[in-house]
Amino acid sequence: MGKGFLKKRQAAFLLFLPVLLLLLPGLGEAKDPRAGSGAEAAGAPVISGIVLQVNPPHPATAKARQTARGLIDLFLSAGAPLTPDYLKETLRALEGTGLFDHVRVESERDGDTTALLFVMTALPQIRKIEIDGNYPLFESDVRAVMTLSAGSAFREDDLAREAARIDDLYRNEGFNEVRVHLETDREEDPLAVTLRVRIVKGPYDTLETLVFRGNDGFDEDRLKWRMKTWRMSLVPGMAGRFLPAELNEDLKSLTAFYRGEGYADARLEATVSRKGGPGEVTVEIDVREGDRYEVLFQGNASIAERVLRKEIAIFREGNAHDLGILRTVANVRDRYRSRGFLQARVD
């Protein structure tokens, strides 16, 4: 591991210590935290010695060993009573650094004294991440969905999680047959890892068929031209690929359109299938229009109708279980009360 990396780890540890001192119970007091309270120390064995074992046995773990020893010395020392609380805080602090795995402590008691053995594995750190095959996305797009970055602690089970996140990213970008391969390259330093990400996109999806069902109020062509998914399918090449996220936005837009036209109960659901050749997508949109609403006002001599219409919720939020009507009534009533009509009734 390079000297620059060790200096960064040392600086991070020094910054971590003041926060640890403030957060952990009892450390803000003037007394030595390793002594424990009178109640805790009564009958507790005295620590005769503390042995630290950091795996793997390699010179590269020297800095990790120094960090672990510094944390242990904050809580425990030879000659002090061994209290359960401070032993628990020691283990929590070691695990909280993110530098170690499989942290455990063993004890061997001899009369009124006990010897402690701390055993842990120093986790390797990611030196750099290399990405290949990311086009048409930028490397920054791929890195943004990853939880690992240069300097992160690395565990083998991280690979499956990172691959799944990148896989989801490309599927949402229209590459339904994407394959993501993650490999690690470990050099002589057992605590330094290079992570290589190789993305094999496969063919991208294209919209071949778009069908509407249940659209009695509006013809299919009018609805299609309100959809970005449909318009982009007319663009040649990769720029016109089918994007699931884009379809979801289109469904929201069409629902808002229906509500704006008075269909407050409108519901639209899409089914995506691949019935044709490789990469050919069929989208079927089921439209449940419901009733068409018209709102009329009576008795509003003091507030103009154009003002009250701003309080109509059903055309913005829908009317599931009549909640849109109830919210509209409440909004109109609040409008009247804000004008000083405290006894106003709205039905």
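Go through region 298-324 and give me each residue that's free of Cβ contacts under 8 Å to residues at least 12 places away in the same chain and over 36 Å from the mean Cα position of the chain (by Cα).
298, 299, 300, 301, 304, 305, 306, 310
Does residue 216 meet the test of being under 30 Å from residue 275 (Cβ atoms), open to solvent by 50 Å² or more (accessible area, probe 1.4 Å) and not in a loop (DSSP other than H, G, I, E, B)?
no
Could you look through region 79-105, keep only residues that are assigned to a strand (DSSP E or B) and of a type outside the set (D, E, K, R), and pick out the one that is nearest to residue 190 (Cα to Cα)?
100
Within region 315-347, which residues are open to solvent by 40 Å² or more (accessible area, probe 1.4 Å), among the aliphatic types (A, V, I, L, M) and over 24 Å from residue 261 (Cβ atoms)?
Across region 315-347, the qualifying residue is only 342.
Residues to consider are 163, 93, 153; find the one that is surrounded by 15 or more Cβ atoms within 10 Å (Cβ to Cβ) and modelled with pLDDT under 90.
153
Residue under question is residue 247, and the condition is that it be free of Cβ contacts under 8 Å to residues at least 40 places away in the same chain, within 16 Å of residue 142 (Cα to Cα) and not basic (Lys, Arg); does it hold?
no
Are any residues in region 222-240 outside any helix (DSSP H, G or I) and without any contact (Cβ under 8 Å) to a residue 24 or more places away in the chain, and if so, which ones?
Scanning region 222-240 gives 225, 234, 235, 236, 237.
Given the criteria without any contact (Cβ under 8 Å) to a residue 12 or more places away in the chain, open to solvent by less than 70 Å² (accessible area, probe 1.4 Å) and of a type in the set (A, V, I, L, M), does residue 266 qualify?
Here the answer is no, as residue 266 does not meet what is asked.
Quick grid of which residues meet (1) open to solvent by 60 Å² or more (accessible area, probe 1.4 Å); (2) modelled with pLDDT of 90 or more:
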position: 63; (1), (2): no, no
position: 75; (1), (2): no, yes
position: 88; (1), (2): yes, yes
position: 119; (1), (2): no, yes
position: 135; (1), (2): yes, yes
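Of the residues that sit in region 266-319 and are of a type in the set (A, V, I, L, M, F, W, C) and assigned to a strand (DSSP E or B), which one is farthest from residue 253 (Cα to Cα)?
It comes out as 281.
With respect to residue 164, is the statement that it is out of contact with any strand residue (DSSP E or B) (no Cβ under 9 Å at 6 or more places or on another chain) and assigned to a helix (DSSP H, G or I) true?
no
The values are calculated or read from the model by the stated rules, or taken from the named source; none is laboratory data. These numbers come from a predicted model, not from an experiment. Because the Cβ atoms are built from the backbone with ideal geometry, glycine has one as well, and the counts that use them run over all protein chains shown. Areas reflect the complete protein model, heavy atoms only, side chains present, ligands, DNA and RNA absent. Shrake-Rupley method; radii C 1.70, N 1.55, O 1.52, S 1.80 Å.
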